[in-house]
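Encoded as structure tokens, the structure appears first; notes follow it.
The values are calculated or read from the model by the stated rules, or taken from the named source; none is laboratory data. Keep in mind that this is a model prediction, so the values were computed, not measured. Every residue, glycine among them, receives a Cβ derived from its backbone with ideal geometry; neighbour counts consider all protein chains shown. Keep in mind that these areas ignore ligands, DNA and RNA; they rest on the heavy atoms of the full protein, side chains included. Shrake-Rupley method; radii C 1.70, N 1.55, O 1.52, S 1.80 Å.
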Amino acid sequence: NTVLAATGIVKTYGPTVALGGVDLGIRAGESVAVMGPSGSGKTTLLHCLSGILSPDQGRITLTTDHGPVHVDRLGTEERARLRREQLGFVFQQGLLLPELTALENAALPLMLAGVGRREAEARATGWLVHLGLAGLEGRRLGEMSGGQVQRIAIARSQVTNAVVTFADEPTGALDQQTSSEVLGALLEATVGRGRTLVMVTHDEHVAARCSRTVRLQDGQVISDSQPLHLTLGD
Ligand code: ADP
Ligand code: ADP
């Protein structure tokens, strides 16, 4: 079953056509590696699919646990809410707050969703422990390794039980061994629970551990290892 369906996605920046009509259907439980040369539109596609950016043309439908949402028709506020409540994000850096502890960072999406502090911290602790960070809940980010910081980012992305998790070079700043371990943790936290992962990567080793690879060039999909042919109404 299709969890995310994008048809005819066009996004331009002035004269630059970043995406020139992309069709992409993603099934629940897939881990999709988005690859392609620098400037091919990978980040723009990720940002359109996840409601960070609004495409100029095209339709994007996300199937949440409560039914379909037409992401392209939402306003800025509604997209922000959708991202907070339904989607998970893991970036190379920058989404965590260095002045907060591991636990406070991981619990933040739940606090923003209005969950009480006690329950938010209990749920976030569960994720941190699950990700191998037991005992480090009170540490600030500056006192943790790159791999530990990315595990906190994974915990933060999953505490609200994201339907789809979007990652942009999530292991790009890590050495190969740590990268492999953090990628394993990210895959287990998402597709390991039947959820869906869409990940931009330059790394063929990372892509090889995903169930599907989509390659972009000049704003077009030029290959797809597991294409899903969308029909009208998806
Ligand atoms: P990738 O992630 O594959 O490197 P991007 O999606 O970042 O590709 O960029 C696709 C194209 O859009 C590139 O030509 C890039 O220079 C251009 N682009 C991306 N973001 C902007 C922006 N904010 N303003 C202008 N051009 C942009
Ligand atoms: P890059 O692809 O250049 O390494 P990132 O993927 O880390 O950069 O982030 C790309 C842009 O998206 C940044 O400008 C960042 O501010 C923005 N961004 C990242 N996450 C979110 C989010 N959850 N909501 C809104 N904007 C975001």
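Some notes on this structure:
- Gly39 among the small types (Gly, Ala, Ser), within 12 Å of ligand 2 (Cβ to nearest atom) and closer than 30 Å to Arg139 by Cα: no
- Scanning segment 62-71 for residues that are modelled with pLDDT of 95 or more and not in a strand (DSSP E or B) yields one hit, Val71.
- Within segment 103-119, the residues that satisfy the criterion of being part of a helix (DSSP H, G or I) and closer than 18 Å to Arg83 by Cα are Asn105, Ala106, Ala107, Leu108, Pro109, Leu110, Met111, Leu112.
- Some residue of segment 87-96 being within 15 Å of ligand 1 (Cβ to nearest atom), surrounded by 15 or more Cβ atoms within 10 Å (Cβ to Cβ) and over 23 Å from Arg209 (Cα atoms): no
- Pairs meeting the criteria (first residue in segment 28-47 and without any contact (Cβ under 8 Å) to a residue 12 or more places away in the chain, second residue within 11 Å of ligand 2 (Cβ to nearest atom), beta carbons under 8 Å, at least 6 apart or on different chains) are His47/Leu53.
- Boolean, Gly8 is open to solvent by 10 Å² or more (accessible area, probe 1.4 Å), farther than 20 Å from Thr201 by Cβ, in contact with an Asp or Glu (Cβ under 8 Å, 6 or more places away or on another chain) and more than 6 Å from ligand 1 (Cβ to nearest atom): yes
- For beta carbons closer than 8 Å, sequence separation of 6+ or different chains, a first residue in segment 209-225 that is of a type in the set (D, E, K, R) and in a strand (DSSP E or B) and a second that is open to solvent by 80 Å² or more (accessible area, probe 1.4 Å) and away from ligand 1 (no atom under 15 Å from the Cβ), the qualifying pairs are Arg212/Gln226.
- Residues satisfying the stated conditions in segment 83-102, i.e. aliphatic (A, V, I, L, M), free of Cβ contacts under 8 Å to residues at least 60 places away in the same chain and not in a loop (DSSP other than H, G, I, E, B): Ala102
- Complete set of residues in segment 192-211 that are within 21 Å of Ala162 (Cα to Cα) and surrounded by fewer than 19 Cβ atoms within 10 Å (Cβ to Cβ): Gly192, Arg193, Gly194, Arg209, Ser211
- Hey, His70 within 15 Å of ligand 2 (Cβ to nearest atom) and surrounded by fewer than 23 Cβ atoms within 10 Å (Cβ to Cβ) or not: no
- Single unsatisfied condition, His229 versus (1) in a helix (DSSP H, G or I); (2) at pLDDT below 95: (1)
- Residue list for segment 35-64, restricted to those being in contact with a helix residue (DSSP H, G or I) (Cβ under 8 Å, 6 or more places away or on another chain) and either among the basic types (Lys, Arg) or open to solvent by 70 Å² or more (accessible area, probe 1.4 Å) (or both): Arg59
- Subset of segment 11-22 (residues that are away from ligand 2 (no atom under 16 Å from the Cβ) and either crowded, with 18+ Cβ neighbours inside 10 Å or within 16 Å of Gly88 (Cα to Cα) (or both)): Val22
Yes/no per residue for (1) assigned to a strand (DSSP E or B); (2) under 20 Å from Ala167 (Cα atoms); (3) among the charged types (D, E, K, R):
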residue: Gly20; (1), (2), (3): yes, no, no
residue: Gly25; (1), (2), (3): yes, yes, no
residue: Val32; (1), (2), (3): yes, yes, no
residue: Ser40; (1), (2), (3): no, yes, no
residue: His47; (1), (2), (3): no, yes, no
residue: Gly51; (1), (2), (3): no, yes, no
residue: Ile60; (1), (2), (3): yes, yes, no
residue: Arg81; (1), (2), (3): no, yes, yes
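- Flag if Leu100 is more than 15 Å from ligand 2 (Cβ to nearest atom), more than 18 Å from the chain's Cα centre (by Cα) and not charged (D, E, K, R): yes
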